[in-house]
Amino acid sequence: MPVPLDSPAANSLVVQQAQEGRIGSLAVGNFSPIEGKEAALSEATYLRDTLLVDLQGASLLDPVSTSVITGQLIHTQMDKGYATVAARFIVTQQGGRVLYERELRASSTWVPALGPVGARWEAKEQSEVYQKLMGQLFSDPGFRLALRR
């Protein structure tokens, strides 16, 4: 049975990367799982929520922005001691012009713990792999260039 992930919280490192990169504001569109993977809808929603929280934390979320980021969850694997998530991010500008499109992947390993403490540790570690993916997105030179203010 999968461990419930922690609620997304703004990652101060990601927020700092966004602010230092002088990234313009973004609207957040649809995030979906890869076709045929309806079970991954909750993971795609979690990925979107993680991005929303980080953009809010960096004061870059603007629902009426002409730049919109969407995503497609490509892969997730959450096991004891290991987590990986991969997604394709696409930023378009009004009119459909693609400013940025890239697939990113983040993984993490840790020593599994047992019992109730172990379950909380798993949830924390599995949630952090999504933050690691956000760190890759916000530090990607192509993403920063596409959204430069």
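The values are calculated or read from the model by the stated rules, or taken from the named source; none is laboratory data. Since the model is a prediction, treat every value here as computed from it, not as a measurement. Cβ: placed from backbone, ideal geometry, glycine included. Neighbour counts: every protein chain shown.
Give just the number: which of (1) modelled with pLDDT of 90 or more; (2) crowded, with 19+ Cβ neighbours inside 10 Å; (3) within 22 Å of GLU122 (Cα to Cα) does TYR46 not satisfy?
Exception for TYR46: condition (1).
Any idea which residue in segment 90-115 is nearest to LYS132 (Cα to Cα), counting only those that are outside any loop (DSSP other than H, G, I, E, B) and hydrophobic (A, V, I, L, M, F, W, C)?
Checked segment 90-115; the qualifying residue nearest to LYS132 (Cα to Cα) is ALA106.
Is it the case that some residue within segment 128-147 is at positive phi and of a type in the set (Gly, Ala, Ser)?
Going through segment 128-147, the residues at positive phi turn out to be none.
For segment 128-147, residues at positive phi and of a type in the set (Gly, Ala, Ser): absent.
Run down VAL64, VAL91, VAL68 and say which single residue is more than 15 Å from the chain's Cα centre (by Cα) and either crowded, with 18+ Cβ neighbours inside 10 Å or hydrophobic (A, V, I, L, M, F, W, C) (or both). Lay out the reasoning, then the answer.
Values: VAL91 fails: more than 15 Å from the chain's Cα centre (by Cα); VAL68 fails: more than 15 Å from the chain's Cα centre (by Cα).
Result of the check over VAL64, VAL91, VAL68: VAL64.
From GLY57, GLY71, GLY21, grab the single residue that is modelled with pLDDT under 85 and within 17 Å of GLY135 (Cα to Cα). Break it down into steps so the answer makes sense when it comes.
Details: GLY57 fails: modelled with pLDDT under 85; GLY71 fails: modelled with pLDDT under 85.
Just one listed residue meets the conditions, GLY21.
If I ask for residues that are assigned to a strand (DSSP E or B) and farther than 17 Å from ASP140 by Cβ, which ones from segment 69-89 would you list?
LEU73, HIS75, THR76, GLN77, MET78, ASP79, TYR82, ALA83, THR84 - these are the residues of segment 69-89 that are assigned to a strand (DSSP E or B) and farther than 17 Å from ASP140 by Cβ.
From the set of residues in segment 126-149 that are out of contact with any Phe, Trp or Tyr (no Cβ under 9 Å at 6 or more places or on another chain) and among the basic types (Lys, Arg), which is modelled with the highest pLDDT?
Among those that are out of contact with any Phe, Trp or Tyr (no Cβ under 9 Å at 6 or more places or on another chain) and among the basic types (Lys, Arg), it is LYS132.
Let me spell it out: the conditions are (1) under 26 Å from GLY96 (Cα atoms); (2) part of a strand (DSSP E or B), and ALA44 meets all of them except one. Which number is the exception?
(2)
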